[in-house]
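**Q** Have a look at the structure that comes next, please.
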Amino acid sequence: MSGIIKKAIFPAAGLGTRFLPATKASPKEMLPIVDKPMIQYAVEEAIACNINEFVIITGKHKRTIEDHFDYAFELEDKLKKSGKKKLLKEINRLNRFKIAYIRQGYALGLGHAILCAKPFVKEEPFAVILSDDIIDTEDTLLKDMIRLYKDLEGPVLALQQVPMSEIHRYGVIDGEKEWDGVYRIKNLIEKPKIKDAPSDLAIIGRYILTPDIFDILEKSKPGKGSEIQLTDAIKKLLHKRPVYGYLFKGKRYDAGDKLGYLKATVALALKNPELSEQFRSYMLEVSEGLKNV
Ligand code: G1P
C-alpha cells in the first residue's frame, strides 16, 4: 500500500466564523486540542498513511500555521540548554515535514481551494484532509480509504451517517451499496434541506481524489453559498468515472463547531497519558455535580 498516495492537501483558508471572536486574528486550524493545534493532528494522520508531501492552502491571518511547522531556533536552543529532551524532540520533529504553502487570496470555497493546489499535485492521485474533522487517533479511516482506492482505482469519499437534523451542514450522497460499507455514488448534493436530502450519508472531511477533478474545477461556477463547491465538481466527475463512498463507523469530532470542539478536547484529554488519570477523576466530579443541577 505504501506510496500510492504521496500528496495531501489541507485547505485552511476559511474565515473560521463559527469560532469568532477567537478566530478574528488567528487561524481556526491553530486552535489547540489538548496540546496540539488541529492542523497538526491532520498532518500526523497523513504521515501515518505514508503520505509525505503536503500543501496547506492558506489565506490572510494564517501565518502562524507556517511558523508552527518552521524551525524555531531560539526555542530549540533554550530547550536543549535546559535538558528538556522530550519536548525538544517533539518541537524539532515539526520542521522536518515537507510542507508547501499556497495562498488562496479570495475565499471562493472548498473547490477553489483544491484547485489552487493543482501545480503542486500535477498528475497524481491525492488526499484531501479537512483539519476540523478530527478522526480518533485509534481509527484508520484514511488508510482504509487508500486501500480501497488501490482496489477500485477510483476516487473515494469518506461518509458518515448523520442525524437528518444535521444533514444541511454536509455534502450528501445517493449511492448503491457495492458491499458492506462501500457505496458507488450516484448523486451528490451540497448542504441540502432535509426534504431534498437523498440519504443520511454525509461526506466527512477525507477524500482521495484523482487529478481529473482539476479540469472540472477550472470550469466550475459558484454553487451553494456562492462558493465553488468540491461536491458539485465530484458530481460532474460521475459522468467520467465511478466514484466511491466509504462508510466510516469510528469516532469523528466536528471540531469546526463549538460543541464538537469541546467533545474532541474531552475525548483526547481522556486518552492523553499525562492527563488521563487526573482528567478522568475531574470529569467524574463534574458529572456527579451535574446530577444535582
Ligand atoms: C465541507 C464540504 C461538505 C462536507 C464537509 C465535511 O463543508 O463542502 O460537502 O460535507 O466539508 O466537513 P464545510 O464544513 O467546509 O462547510
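**Q** If eta is 0.692 mPa s and T is 37 °C, what Stokes-Einstein diffusion coefficient results for the range 50-138, Kirkwood Rh from Cα pairs, in µm²/s?
**A** Stokes-Einstein gives a translational diffusion coefficient of 214 µm²/s.
**Q** Compute the distance from the alpha-carbon center of the range 233-255 to that of the range 144-171, in whole Å.
**A** 3
**Q** Something else: Please compute the Kirkwood hydrodynamic radius over the range 114-169, one decimal place, Å, based on all pairs of different Cα atoms.
**A** Result for the range 114-169 stands at 13.7 Å.
**Q** Here is a follow-up. Using the number of other C-beta atoms within 10 angstrom as an exposure proxy, rank Leu79, Leu20 with the fewest first.
**A** Fewest-to-most Cβ neighbours within 10 Å comes out as Leu20, Leu79.
**Q** Still on this structure, I have one more. Projecting each Cα onto the charge dipole of the range 124-218 (Lys/Arg +1, Asp/Glu -1 at the beta carbon, about the Cα centre), which of Ala202, Ala158, Ile134 comes out farthest on the positive side?
**A** The listed residue farthest towards the positive side: Ala202.
**Q** Within the range 128-162, find all residues whose amide N lies under 18 Å from a label point positioned 7 Å from the Cα of Asn50 along Cα-to-beta-carbon.
**A** Counting backbone N atoms under 18 Å from the label point, the list is 128, 140-154.
**Q** Which three extents, in angstrom, do the Cα atoms of the chain have along their principal axes, listed largest first?
**A** Taking the Cα atoms of the chain, the three principal extents are 60, 52, 38 Å.
**Q** Place a label point 7 angstrom from the Cα of Lys219 along the Cα-to-Cβ direction, then list the residues of the range 235-264 whose backbone nitrogen is under 15 Å away.
**A** Counting only backbone N, you get 235-241.
**Q** Quote to one decimal, in nm, the extra length available between Leu270 and Arg18 on full extension: 0.36 nm per residue of separation minus the C-alpha distance between them.
**A** 88.2 nm
**Q** Can you tell me the alpha carbon radius of gyration of the range 142-283 divided by the globular rule-of-thumb value 2.2 N^0.38 Å?
**A** 1.20
**Q** Same structure again: Could you size up the charge dipole of the range 1-123 around its Cα centre, putting +1 on the beta carbon of Lys and Arg and -1 on that of Asp and Glu, and report it in debye to the nearest 20?
**A** About 160 debye.
**Q** About the Cα centre, and with charges only on the beta carbon of Lys, Arg (+1) and Asp, Glu (-1), how big is the dipole of the chain? Nearest 20 debye, please.
**A** 500
**Q** Starting from the Cα of Lys98, step 7 Å along the direction of its Cβ; do the same at Asp174; then give the gap between the two resulting points in nm.
**A** 4.3
**Q** Could you tell me whether the range 152-231 comes out rounded, prolate or oblate from its Cα gyration tensor? Rule is a ≥ b ≥ c as square roots of the eigenvalues, rounded for a/c under 1.5, then prolate if a/b exceeds b/c, otherwise oblate.
**A** oblate
**Q** Can you work out ³J(HN,Hα) from phi for every residue in the range 93-108, in order, using Karplus 6.51 cos²θ - 1.76 cosθ + 1.60 and θ = phi - 60°, giving whole Hz and x for Gly and Pro?
**A** Values per residue, Gly and Pro as x: 4, 5, 8, 9, 6, 8, 10, 9, 10, 10, 8, 7, x, 9, 7, 9 Hz.
**Q** Follow-up. At q = 0.12, 0.18, 0.21, 0.23 Å⁻¹, what is the log10 ratio I(q)/I(0) for the range 200-277, with the Debye formula run over Cα points and no solvent?
**A** Values returned for q = 0.12, 0.18, 0.21, 0.23 Å⁻¹ are -0.54, -0.88, -1.02, -1.11.
**Q** Only bridges with both residues in the chain count here: give the DSSP antiparallel percent, nearest 5.
**A** Bridges in the chain that DSSP calls antiparallel: roughly 60 percent.
**Q** Also, quick follow-up: Using alpha carbons only, how many angstrom separate the centre of the range 53-82 from the centre of the range 125-142?
**A** Going from one Cα centre to the other spans 22 Å.
**Q** Roughly how many debye, to the nearest 20, is the charge dipole of the range 216-260 about its Cα centre, given +1 on each Lys and Arg Cβ, -1 on each Asp and Glu Cβ, and no other charges?
**A** In total the dipole reaches around 220 debye.
**Q** When the Kirkwood radius is taken over all Cα pairs of the range 244-293, what Stokes-Einstein diffusion coefficient follows at 10 °C and 1.306 mPa s, in µm²/s?
**A** Answer, rounded: 125 µm²/s.
**Q** Let me ask something additional. Using only alpha carbons, build the gyration tensor for the range 1-72 and give me the equivalent ellipsoid semi-axes, biggest first, whole Å.
**A** Ellipsoid semi-axes (Å, largest first): 24, 12, 12.
Every number in this text was worked out from the coordinates using simple rules, so none of it is lab data. Source: prediction; values computed, not measured. Every residue, glycine as well, gets a Cβ built from its backbone with ideal geometry; the counts of neighbours run over all protein chains shown.
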